[in-house]
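Asker: To start, I am sharing the structure in question, which I have written as C-alpha cells.
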Amino acid sequence: MKQKMLIALLMTTLASAAQPLSLQYSQPATEWAEALPVGNGRLGGMIFGDPQREHIQFNEDSLWTGQPQDYQLRGAAKFLPELRRLLFAGQQDEAEELANEHFMSVPLRQEFYQPFGDLSLEFDDLGTVTEYRRSLDLKTAISSVTFVANGVRHRRELFASYPDGVMVLSLTTDQPGKLNFKAQLNSPHTEHQLKRLYQDTLVLAGQVTHQSRTKVPSRMRFEARLQVLEHNGQLVINGKDLCITQADQVTLVLSAATSYYRYYDISADPEDRNELILKGLTDHNLASLYDRHVQDYQSLFNRVTLDLGQSENMKLDTDQRIAAFKEGHDPHLASLFFQYGRYLLISCSRPGSQPANLQGLWNDQMNPSWGSKYTCNINTEMNYWPAEMTNLAECHEPLFAMIKDLSATGYHTAQNFYNADGWVLHHNTDLWRGTAPINNANHGIWVTGGAWLCQHLWWHYAYSQDEFFLREQAYPIMKQAAEFFMDFLIEDPRSEQGWLISGPSNSPENGGLVMGPTMDHQIIRNLFAHCIEASEILGIDPDFRAQLADMRSRIAPNQIGQYGQLQEWLEDKDNPKSDHRHVSHLWGLHPGNEITPATPDLFAAARKSLELRGDGGTGWSMAWKINFWARLRDGDHAYLMLSNQLTPQRTLPNLFDTHPPFQIDGNFGATSGITEMLMQSHTGTIDLLPALPSAWPMGKVEGLRARGGFEVGLDWNQNRLTTVSIVSKAGRPCRLQYGDQTLQFATETGRLYRIVFNPVTEKLEVLP
C-alpha cells in the first residue's frame, strides 16, 4: 500500500510539472517521426504510446556495421603534386578524375549506425479509450501516456537513467488486477535469438550481419535484457513472451550493450556488461530509480531557464503549434524549442557515450540517410554549438574523446595522403574513426574537418578558463592539427603577394575540387590564432608560435566580389542566383569570429552573400542562418529564419529537425541561434540582446555562459534591457556592451554582480 501511495504521489507530481515545458499530443504516434525520444547518452528509445500495443524502438550508440578498419590508401601522397598542377591549370575535371582513382579512402564509403531492437507490449482487449494524452516533460525527461479504458485509468512512464544505465518503463492502473499484457523483444538484425534468463528476464542476443556500401563484414555482437524489477501480479516467461497478469503496478527495466570497446577493439562482452548493469539495480525500486534519474538530469537541465512569454497556443498539441507558429504569436514555442535542443543534447551525449551523430542517438533504419554518421563539414560541429553557451559543458566530453581518437587515426591519413606531419580529418567519420576522404573527390576531399573540431576544444577553455584542460587535453591536439597545415599550405603561384592557400579542397558542398576555398582559410586562421593564444597562456613553444604567426599573416585573405558579396573562392565566380544550402564561406561570421562590426566591409559583404543565398534551405541550413542573422545583429531576420524552421516542412511532429529526413543538427543549431540572439561573447565583449526580435518584447533568461568564465542572466521589457546578473567563475575582467554603451569592471571568482540599464542616462550601471 505504501508503494502504491508513493506511485500515486509521483503521478500527481509529474502531471503538474508537465504543463509549463512539455511536448503534448492527444493521439498515439502512428510513425517513428511522431514518437517521443528519451535517452541517457548511450541508450535511447522512441515511445509510440499506442494504448493497445505499446512500441518502444531502441538504440545503443555503439551498434554500427563493420569492424575496426583504417580506410587508408597508402601511397596516395605521390599524386598530390599532380592534383595541384591540374587545379592550378584550371583542369578541374581531370583533377577530380585522378583523385577519384588514386586519392580516396579504401573502402570508398564508411559504416552505418544501426537500430538495436524493439520492445512491444500487447495488452488484453482494453475496449474504448478516452481521455488520451501523450507527453514528454522536459523538466523531468519522462515521457508519459495516460488514458481511460473501460473505466480504468492507465498510466505509462518511460525514462532513460544515466546513473543506472537503463531505460525504465512504469505501468500502472488505478484499479487492482487490471494490468494484463505480454512483452516481446525483437530486432531488425536477422541473426538474433531470444531466451529466458532467471525467472524474470527476457534476453535478446545477436550479431550485426547487415553490410553498408563498404561491403566490409560486420562483426559487432549485441545483447539486450528486459527485466521485471517490480510487479504485484503474476509473471510467466513463455518462450519469447514475458507475460504479466492481474497486476496494477509493473516496473520493467531494459539494458543493452555491445562488444565495442574502442575503435580498434570489439572484444568486450555484452553479456557481462548487462549482468553488471542489472546487478547494480538490486537495491533499487521505481521510486529510487526515478529520484536518481531526475536529480542527475535536472543538475544539468535546470542551469538555464528561458521565459519569452506565454500564449494561447500552449493549449494546443505540439504538432498543431508547429503548424500555426509562422502565422501566429507563440513565443513559448520558441522557448520550448530552445530547451528541447538542450534536452536532446543531455539525452544523447553524456560522458562515456559516443558523440551525437547525424540523428543524435535515435535511428530505426538499417540504411539510414548518410549512414547516420558524423558529417564534419558542419553537422557534427553544429550538434555541439549549444554545449558551452547553454551550460552543458559535460555534454561536450564525448566529442572531445572522439577528437582524441581522430588525432590518432588522422595522423596516418596526413602521412599517407599528404606526406605531412600532424593530423587531418576530411568531411566524415564513423565509429571506427575513419579520417580519409570518402565518397567522391568533388566533395570528399575537404581537409579542415579536424581543424574545425579543434574550435570546440578552444571553446571549452574560453568558456571555462580551465588551464589544466588547455594544457593537458586541448593544446596538444590543436598543435598537431596546426602542424598538418604548416606542411599542407602551399604558396599560390598565381599570387603576386605570395599568399599561402589550401588545396586540393572543397567549399562544402559546392563547386567541386579547387585550390584556395575561403572557408578553409577562415578555419585555418582560426586554428592558428587559438594555438598562438594557447601557447602564450601556457608559456610554451615560442618558436612554433612565431612560425604560426608568420604563416597566418600570409594566408589568402577574405575577398569581396563583383556583387558586393564575400567570395566563396579566390576567384570571383559566385553565382548570385545560387540558393545552395551550405553557406560555407560565411564561417568567419559564424561560428568563427573574424567577421564582425569591427570589419565593416567584410561584415557588409557577408550580409550581401546571405541575402543572395535567400531565406530557404533545409532544417540545419535554416538553423545556421538564425545564427548568421543574429551575428549580423538583425533580430527580426533571425526570427524569420526561426519561423521558417518551425514549420511542418522542416520540423517533424515530435519537434525533431528534418533535412528531410530527420537530422538532429537543426535542433541544436536553433538552440544556439536563439542564444546568439540574446547574448554573444565571441569578440571579447559580452554583448547583451544584440539581436532581440520585436516578437519578444519582454522576457528573461538565466544561466547562459559567456567566454571568459561568466554566467549571465538578462531581463528585458518593451524591447529594452532592464537588469543583468553576472557570476564570475574565473575572476576575469568583465566587459559588457548594450547597443553603443559599454561597461568594464574587475571581478572576483564566485561573486555575483548585478547591473541595471538606467533608462534616464542610458548607461549600464553596476549595483553596489
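The values are calculated or read from the model by the stated rules, or taken from the named source; none is laboratory data. Predicted model only: the values in this text are computed from it and were never measured. Please note: Cβ atoms are built from the backbone with ideal geometry, for glycine as well, and neighbour counts cover all protein chains shown. When the accessible area is computed, the model is the full protein with side chains, heavy atoms only, and any ligands, DNA or RNA have been set aside. Shrake-Rupley method; radii C 1.70, N 1.55, O 1.52, S 1.80 Å.
Asker: For segment 618-641, state whether one or more residues are among the hydroxyl-bearing types (Ser, Thr, Tyr) and more than 19 Å from residue 378 (Cβ to Cβ). Steps first, please.
Answerer: Kept after step one, since they are among the hydroxyl-bearing types (Ser, Thr, Tyr), are these residues of segment 618-641: 618, 621, 639.
If we keep only those that are more than 19 Å from residue 378 (Cβ to Cβ) as well, we get 639.
Yes, some residue in segment 618-641 is among the hydroxyl-bearing types (Ser, Thr, Tyr) and more than 19 Å from residue 378 (Cβ to Cβ).
Asker: Now a separate question. Any residue at all in segment 418-440 that's surrounded by fewer than 21 Cβ atoms within 10 Å (Cβ to Cβ) and acidic (Asp, Glu)? First the steps, then the outcome.
Answerer: Start the filter on segment 418-440 by keeping residues that are surrounded by fewer than 21 Cβ atoms within 10 Å (Cβ to Cβ), which leaves 418-419, 421, 439-440.
With acidic (Asp, Glu) added as a condition, the list becomes 421.
Checked segment 418-440: at least one residue is surrounded by fewer than 21 Cβ atoms within 10 Å (Cβ to Cβ) and acidic (Asp, Glu).
Asker: Another question, then. Only one of these conditions is not met by residue 4: (1) at pLDDT 95 or above; (2) outside any loop (DSSP other than H, G, I, E, B); (3) open to solvent by 10 Å² or more (accessible area, probe 1.4 Å); (4) charged (D, E, K, R). Which number is it?
Answerer: (1)
Asker: Related question: Could you tell me which numbered condition residue 484 fails, if it satisfies all but one of (1) open to solvent by less than 10 Å² (accessible area, probe 1.4 Å); (2) aromatic (Phe, Trp, Tyr); (3) within 30 Å of residue 712 (Cβ to Cβ)?
Answerer: Going through (1) open to solvent by less than 10 Å² (accessible area, probe 1.4 Å); (2) aromatic (Phe, Trp, Tyr); (3) within 30 Å of residue 712 (Cβ to Cβ) one by one, residue 484 breaks only (3).
Asker: With 524, 537 as the choices, which residue is surrounded by 15 or more Cβ atoms within 10 Å (Cβ to Cβ), in a helix (DSSP H, G or I) and at negative phi?
Answerer: Numbers: 537 fails: surrounded by 15 or more Cβ atoms within 10 Å (Cβ to Cβ).
Exactly one of 524, 537 is surrounded by 15 or more Cβ atoms within 10 Å (Cβ to Cβ), in a helix (DSSP H, G or I) and at negative phi, namely 524.
Asker: Checking the structure you have, find out if any residue of segment 214-226 is within 22 Å of residue 43 (Cβ to Cβ), surrounded by fewer than 20 Cβ atoms within 10 Å (Cβ to Cβ) and either in contact with a strand residue (DSSP E or B) (Cβ under 8 Å, 6 or more places away or on another chain) or in contact (Cβ under 8 Å) with a residue 24 or more places away in the chain (or both). Outline the logic, then answer.
Answerer: Within segment 214-226, the first condition is being within 22 Å of residue 43 (Cβ to Cβ), and the residues that meet it are 218-226.
Narrowing further to those that are surrounded by fewer than 20 Cβ atoms within 10 Å (Cβ to Cβ): 219.
This time we only want the ones that are either in contact with a strand residue (DSSP E or B) (Cβ under 8 Å, 6 or more places away or on another chain) or in contact (Cβ under 8 Å) with a residue 24 or more places away in the chain (or both), so: 219.
Checked against the condition, which is being within 22 Å of residue 43 (Cβ to Cβ), surrounded by fewer than 20 Cβ atoms within 10 Å (Cβ to Cβ) and either in contact with a strand residue (DSSP E or B) (Cβ under 8 Å, 6 or more places away or on another chain) or in contact (Cβ under 8 Å) with a residue 24 or more places away in the chain (or both), segment 214-226 yields at least one hit.
Conditions (1) in contact with a Ser or Thr (Cβ under 8 Å, 6 or more places away or on another chain); (2) surrounded by fewer than 23 Cβ atoms within 10 Å (Cβ to Cβ); (3) among the small types (Gly, Ala, Ser), marked per residue:
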site: 661; (1), (2), (3): yes, yes, no
site: 676; (1), (2), (3): no, no, no
site: 737; (1), (2), (3): yes, yes, no
site: 754; (1), (2), (3): yes, yes, no
site: 765; (1), (2), (3): no, yes, no
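Asker: Among the candidates 507, 502, 495, single out the residue that is touching a strand residue (DSSP E or B) at 6+ places or on another chain (Cβ under 9 Å), modelled with pLDDT under 95 and open to solvent by less than 30 Å² (accessible area, probe 1.4 Å).
Answerer: After applying the criteria, what remains is 495.
One line per residue, one yes/no per condition, for (1) touching a Pro at 6+ places or on another chain (Cβ under 7 Å); (2) in a helix (DSSP H, G or I); (3) among the acidic types (Asp, Glu):
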{"site": "50", "(1), (2), (3)": "yes, no, yes"}
{"site": "57", "(1), (2), (3)": "yes, no, no"}
{"site": "66", "(1), (2), (3)": "no, no, no"}
{"site": "74", "(1), (2), (3)": "no, no, no"}
{"site": "79", "(1), (2), (3)": "no, yes, no"}
{"site": "87", "(1), (2), (3)": "yes, yes, no"}
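Asker: Shifting gears a bit: Filter segment 376-393 for residues that are in contact with a Pro (Cβ under 9 Å, 6 or more places away or on another chain) and crowded, with 24+ Cβ neighbours inside 10 Å; which is farthest from residue 301 (Cα to Cα)?
Answerer: Looking only at segment 376-393, we keep the residues that are in contact with a Pro (Cβ under 9 Å, 6 or more places away or on another chain), and these are 377-378, 380-385, 392.
Going one step further and asking which of them are crowded, with 24+ Cβ neighbours inside 10 Å, we end up with 378, 380, 382-385.
Numbers: 378: 25, 380: 22, 382: 19, 383: 17, 384: 15, 385: 16 Å.
Of everything passing the filter in segment 376-393, 378 is farthest from residue 301 (Cα to Cα).
Asker: If you don't mind, there's one more thing I want to ask. Which residues, taken from segment 597-630, are under 21 Å from the mean Cα position of the chain (by Cα) and in a loop (DSSP other than H, G, I, E, B)?
Answerer: Within segment 597-630, 617, 618 qualify.
Asker: Tally the residues that are of a type outside the set (Ser, Thr, Tyr) and surrounded by fewer than 19 Cβ atoms within 10 Å (Cβ to Cβ), restricting the search to segment 594-626. Explain how you work it out, then say what you get.
Answerer: Restricting attention to segment 594-626, the residues satisfying the condition of being of a type outside the set (Ser, Thr, Tyr) are 594-595, 597-598, 600-608, 610-617, 619-620, 622-626.
Filter again for surrounded by fewer than 19 Cβ atoms within 10 Å (Cβ to Cβ), leaving 594, 597-598, 600-601, 603-604, 608, 611-612, 614-616.
Residues in segment 594-626 being of a type outside the set (Ser, Thr, Tyr) and surrounded by fewer than 19 Cβ atoms within 10 Å (Cβ to Cβ): 13 in total.
Asker: Moving on. I'm checking my understanding of the structure. Among residues of segment 466-476 that are in contact (Cβ under 8 Å) with a residue 24 or more places away in the chain and surrounded by fewer than 20 Cβ atoms within 10 Å (Cβ to Cβ), which one is nearest to the chain's Cα centre (by Cα)?
Answerer: Step one: filter segment 466-476 for residues in contact (Cβ under 8 Å) with a residue 24 or more places away in the chain, giving 467, 470-471, 473-475.
When the remaining residues are screened for being surrounded by fewer than 20 Cβ atoms within 10 Å (Cβ to Cβ), the result is 467, 471, 473.
Values: 467: 25, 471: 26, 473: 21 Å.
Taking the candidates together, the pick is 473.
Asker: Have a look at 412, 456, 443, 396 and point out the one that is assigned to a helix (DSSP H, G or I), over 22 Å from the mean Cα position of the chain (by Cα) and closer than 24 Å to residue 378 by Cβ.
Answerer: Working: 412 fails: closer than 24 Å to residue 378 by Cβ; 456 fails: over 22 Å from the mean Cα position of the chain (by Cα); 396 fails: over 22 Å from the mean Cα position of the chain (by Cα).
Result: 443 is the single residue among 412, 456, 443, 396 that is assigned to a helix (DSSP H, G or I), over 22 Å from the mean Cα position of the chain (by Cα) and closer than 24 Å to residue 378 by Cβ.
Asker: On the given criteria, is residue 482 hydrophobic (A, V, I, L, M, F, W, C), part of a helix (DSSP H, G or I) and under 27 Å from residue 583 (Cα atoms)?
Answerer: Working: hydrophobic (A, V, I, L, M, F, W, C): yes; part of a helix (DSSP H, G or I): yes; under 27 Å from residue 583 (Cα atoms): yes.
So residue 482 fits the description; yes.
Asker: Taking strands (runs of 3 or more DSSP E) that fall entirely within segment 227-268, which contain at least 1 residues that are under 15 Å from residue 196 (Cβ atoms), out of contact with any Cys (no Cβ under 9 Å at 6 or more places or on another chain) and without any contact (Cβ under 8 Å) to a residue 60 or more places away in the chain? Spell out the reasoning first.
Answerer: Values: elements: 234-238, 241-247, 249-258.
Because the criterion is at least 1 residues that are under 15 Å from residue 196 (Cβ atoms), out of contact with any Cys (no Cβ under 9 Å at 6 or more places or on another chain) and without any contact (Cβ under 8 Å) to a residue 60 or more places away in the chain, the strands (runs of 3 or more DSSP E) in segment 227-268 that meet it are 234-238, 241-247.
Asker: Of the residues 545, 633, 581, only one is in contact with a Ser or Thr (Cβ under 6 Å, 6 or more places away or on another chain) and either within 15 Å of residue 670 (Cβ to Cβ) or part of a loop (DSSP other than H, G, I, E, B) (or both); which? Outline the logic, then answer.
Answerer: On the way: 545 fails: either within 15 Å of residue 670 (Cβ to Cβ) or part of a loop (DSSP other than H, G, I, E, B) (or both); 633 fails: in contact with a Ser or Thr (Cβ under 6 Å, 6 or more places away or on another chain).
After applying the criteria, what remains is 581.
Asker: Hey, another quick one. How do the pairs read when you match residues in segment 352-369 that are aliphatic (A, V, I, L, M) and surrounded by fewer than 17 Cβ atoms within 10 Å (Cβ to Cβ) with residues anywhere that are modelled with pLDDT of 95 or more and part of a loop (DSSP other than H, G, I, E, B), using Cβ under 7 Å and keeping only pairs 6 or more apart or on different chains?
Answerer: Once the first residue is aliphatic (A, V, I, L, M) and surrounded by fewer than 17 Cβ atoms within 10 Å (Cβ to Cβ) and sits in segment 352-369, its partners that are modelled with pLDDT of 95 or more and part of a loop (DSSP other than H, G, I, E, B) give 366/114; 366/115; 366/188.
Asker: On to the next question. Looking at segment 689-738 only, could you name the residues that are on the phi > 0 side of the Ramachandran plot, hydrophobic (A, V, I, L, M, F, W, C) and either at pLDDT below 95 or outside any loop (DSSP other than H, G, I, E, B) (or both)?
Answerer: The answer is none; no residue qualifies.
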